[in-house]
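**Q** Structure in structure tokens, see below.
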Amino acid sequence: MAEIEKQYYPGKTSVANNRSKHMSNDLEKLREISDEDLTLILGHRSPGSDYPSTHPPLEEMGEPECSIREIVEPTEGAKAGDRIRYAQWVDSMYNAPATPYFRTYHSAINFRAVDPGTLSGRQLVEARERDMEKITKVQLETEMTCPGLAGLRGATVHGHSLRLQEDGVMFDMLDRRRLENGTIVMDKDQQARPIDKKVDLGKPMSEDEAAKRTTIYRADNVPFREDDEVVEWVHRIWEQRTEYGFQPK
Amino acid sequence: MVETASEPDEEYLQIELFPTRLLKPETTQNLLEELSEVDGIIRAFIHGPRLPLSVPSGPATGQDVEHPHRKVIQIGDTAIELSISVGRIRLEITDKDVEKEIESIAERVLPCKYELREGYFIPKESTVTDYAKRGPNADPKRRGLSDPKASEESQVFVLNKPENEDEE
């Protein structure tokens, strides 16, 4: 992981503070997920197997002379010649801790060789397989994720804008994970293929805790309009990009 | 204007019950069971996100889903297989008193907050598709209750039939 300085976000509310924390990777670890469980739920390879490669290790390849290659050290995955693989997240609009933008900021600022894709209801990150696993593990184990309000969903992501279920869990039409005895268990991988064991993703956050840890401004929690500094900066950015975009010829 | 046989002859009130959470099948069953005993509900329509039998897309296409919310619920003598997670219930009722009765049931049965609003939720007039699919003499009470692409029998259920009426 790259060593970075603290990232700043305007505003003094808990939401603004959480946004800054996500960007700075200054995250509280809330649960432990083993490497084997992570590999199982990502569904790209069998746990314990070697990483399949798309080219030989860089050391064996004999790279051409290039000043940029000398400056930039390759990531572990690139050194080994790993395949590019992805993890895709869905975060509920009902006070999930992260949002697609902040998952992207987190991976793009704190990790190298990543290709995040930010969409309205889902976020995915593509990287060399072992690098991607590293990012996903951080996001899964820390306060960036509530297992009840967010989920790894490779296909059929439907659910982020739906009302929560009666038990407070985000709807998943493919039933990849569910609440059992107070914890969220996942018995399918992110693509909804059944896996051999039930992976325990930990306890979902209570409503109050989710409201405290969220990066979403909501009228029923921390309203955007009450964070004056954020509003001022959003206005400033919009004004400047509009003025820049207006180029009469 | 020429009146077709499918025009309703009475103007009923329409309401929507909108819980703040998606309902479990057990709650849905309790709610619908109680609603089925209220006199004055002409038509009811349940709505929510679909629960497919198999994975519709991606590398796992065709795998069984076995969603725990896809259950058979029993309302009176009628068994209904839920293929959705219920999020709204739209009702056509005879008058305001029925709405009050429905509100008291919602208060008692629902474990979460809800909204109850009046509006226009179930079609009152035939569309061209209705006409093409069901013809000019279609039963106006069944209008707008099922997807035109699906079979009506799997989606429309008649509860509390009048005694002198045969199988609909």
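**Q** Can you give me the number of residues within segment A:161-179 that are open to solvent by 30 Å² or more (accessible area, probe 1.4 Å) and more than 10 Å from chain B (Cβ to nearest Cβ)?
**A** Counting residues in segment A:161-179 that are open to solvent by 30 Å² or more (accessible area, probe 1.4 Å) and more than 10 Å from chain B (Cβ to nearest Cβ) gives 2.
**Q** Across segment B:34-60, which residue is nearest to A:Arg153 (Cα to Cα) among those that are open to solvent by 20 Å² or more (accessible area, probe 1.4 Å), more than 10 Å from chain A (Cβ to nearest Cβ) and within 13 Å of the chain's Cα centre (by Cα)?
**A** B:His47
**Q** Which fully enclosed helices (runs of 4 or more DSSP H) of segment A:52-158 have 2 or more residues being closer than 24 Å to A:Ser14 by Cα?
**A** The helices (runs of 4 or more DSSP H) meeting that bar are A:100-110, A:129-141.
**Q** So B:Val2 fits all but one of (1) farther than 22 Å from B:Asp97 by Cβ; (2) modelled with pLDDT under 90; (3) surrounded by 13 or more Cβ atoms within 10 Å (Cβ to Cβ); what number is the exception?
**A** Only one criterion in (1) farther than 22 Å from B:Asp97 by Cβ; (2) modelled with pLDDT under 90; (3) surrounded by 13 or more Cβ atoms within 10 Å (Cβ to Cβ) is unmet by B:Val2, namely (3).
**Q** So for segment A:195-215 (the condition being more than 19 Å from A:Arg103 (Cα to Cα), assigned to a strand (DSSP E or B) and open to solvent by less than 20 Å² (accessible area, probe 1.4 Å)), does at least one residue qualify?
**A** Yes: one or more hits.
**Q** Next question, about the same structure. Between a first residue in segment B:138-163 that is over 18 Å from B:Glu125 (Cα atoms) and in a loop (DSSP other than H, G, I, E, B) and a second residue that is at pLDDT below 75 and open to solvent by 80 Å² or more (accessible area, probe 1.4 Å), which pairs have beta carbons less than 8 Å apart while being 6 or more apart in sequence or on different chains?
**A** Pairs found: B:Val158/B:Glu168; B:Lys161/B:Glu168.
**Q** Would a scan of segment B:88-111 turn up a residue that is in contact with a strand residue (DSSP E or B) (Cβ under 8 Å, 6 or more places away or on another chain) and more than 18 Å from B:Leu35 (Cβ to Cβ)?
**A** No - not one qualifying residue is present in segment B:88-111.
**Q** Restricting the search to segment B:12-32, which residues are over 20 Å from A:Leu179 (Cα atoms) and not charged (D, E, K, R)?
**A** B:Tyr12, B:Leu13, B:Gln14, B:Ile15, B:Leu17, B:Phe18, B:Pro19, B:Gln29, B:Asn30, B:Leu31, B:Leu32
The values are calculated or read from the model by the stated rules, or taken from the named source; none is laboratory data. Since the model is a prediction, treat every value here as computed from it, not as a measurement. For neighbour counting, all protein chains shown are included, and Cβ atoms are generated from backbone atoms with ideal geometry for every residue, glycine included. Heavy atoms of the whole protein, side chains included, go into the accessibility calculation; ligands, DNA and RNA do not. Shrake-Rupley method; radii C 1.70, N 1.55, O 1.52, S 1.80 Å.
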